[in-house]
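The values are calculated or read from the model by the stated rules, or taken from the named source; none is laboratory data. These figures come from a predicted structure and were not determined experimentally. We place every Cβ from the backbone using ideal geometry, glycine too, and count neighbours over all the protein chains shown.
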Amino acid sequence: MEELIAKRYIKAIKTSSDTASMEDMLTIFSTLAESFKDEKFIQIIDSPNVNRNKKLEILLEAVKSVKSKQIDNLIKLLVEKNRIGIIPALAEGIRKDLTASTKTYKGLVYSDSNIDEKVIQDLSIGLSKKFDSKISLEFIKNDFNGIKVDVEDLGIEIDFSKSRINSQIIEHIVKAI
């Protein structure tokens, strides 16, 4: 539900902002979204004992250093409409919208063995060409027995499991006999 409401705000933001100001907004709202992971912050924001003006004051104080009238007005609107809780969804929506418009995506490479940085760069270049985008990959070592590449925003998940390859080789040999 929050995502649907956030999309409306993002659509309005997009019509009045360029890419650079959208990136600034992403930074600001991502930082605000991090505050929603703090239990005390959530208690203050959700408390009926704290009036709207105090909540507005807290949020405006957090973004005061940016000195952006557009961001101040958006926060005032969110407080007025009692939609402070959509700030994390708003940050995520802006991030997804920016990645789609700039065609710049981030992905993860999982494996149980170390992978050379050159191989990760080659994977990144290959995927970038294939999907006509700029894809940067980050390696994460875990217990996956093989290699798995995941670019969530593009819906790409490629994996090469050692056990699956072994079973397919055995299957192929059995069929050949």
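With the structure loaded, tell me whether ALA6 is under 17 Å from the mean Cα position of the chain (by Cα), more than 28 Å from LYS129 (Cα to Cα) and at pLDDT 90 or above or whether it fails that test. For ALA6, the condition - under 17 Å from the mean Cα position of the chain (by Cα), more than 28 Å from LYS129 (Cα to Cα) and at pLDDT 90 or above - is not met. Here the condition is being crowded, with 17+ Cβ neighbours inside 10 Å and either in contact (Cβ under 8 Å) with a residue 24 or more places away in the chain or more than 17 Å from LEU4 (Cα to Cα) (or both); of VAL63, VAL119, VAL50, it holds for VAL63 alone. Quick check: is even one residue across region 87-101 outside any helix (DSSP H, G or I), of a type in the set (Ser, Thr, Tyr) and loosely packed, with under 12 Cβ neighbours inside 10 Å? No; the residues of region 87-101 include none that is outside any helix (DSSP H, G or I), of a type in the set (Ser, Thr, Tyr) and loosely packed, with under 12 Cβ neighbours inside 10 Å. Residues that are over 12 Å from ARG8 (Cβ atoms), in contact (Cβ under 8 Å) with a residue 24 or more places away in the chain and β-branched (Val, Ile, Thr) within region 72-92 comprise VAL79, ILE84, ILE87, listed in sequence order. If you go through region 70-82 and keep only what is loosely packed, with under 12 Cβ neighbours inside 10 Å, under 25 Å from the mean Cα position of the chain (by Cα) and part of a helix (DSSP H, G or I), you end up with just ASN73.
Here LYS37 meets the list (1) among the charged types (D, E, K, R); (2) part of a loop (DSSP other than H, G, I, E, B); (3) farther than 24 Å from LYS96 by Cβ almost entirely, failing just condition (3). Just one of the listed residues (LEU137, LEU127) is in contact with a Ser or Thr (Cβ under 7 Å, 6 or more places away or on another chain) and not basic (Lys, Arg), namely LEU137. Can you say whether ARG164 is outside the structural domain of PHE41 (by TED's automatic domain parsing), basic (Lys, Arg), outside any strand (DSSP E or B) and surrounded by 12 or more Cβ atoms within 10 Å (Cβ to Cβ), as far as the supplied structure shows? So ARG164 passes the test. For region 1-37, a residue qualifies if it is farther than 21 Å from LYS69 by Cα and surrounded by fewer than 11 Cβ atoms within 10 Å (Cβ to Cβ), and the qualifying residues are MET1, LEU4, LYS37.
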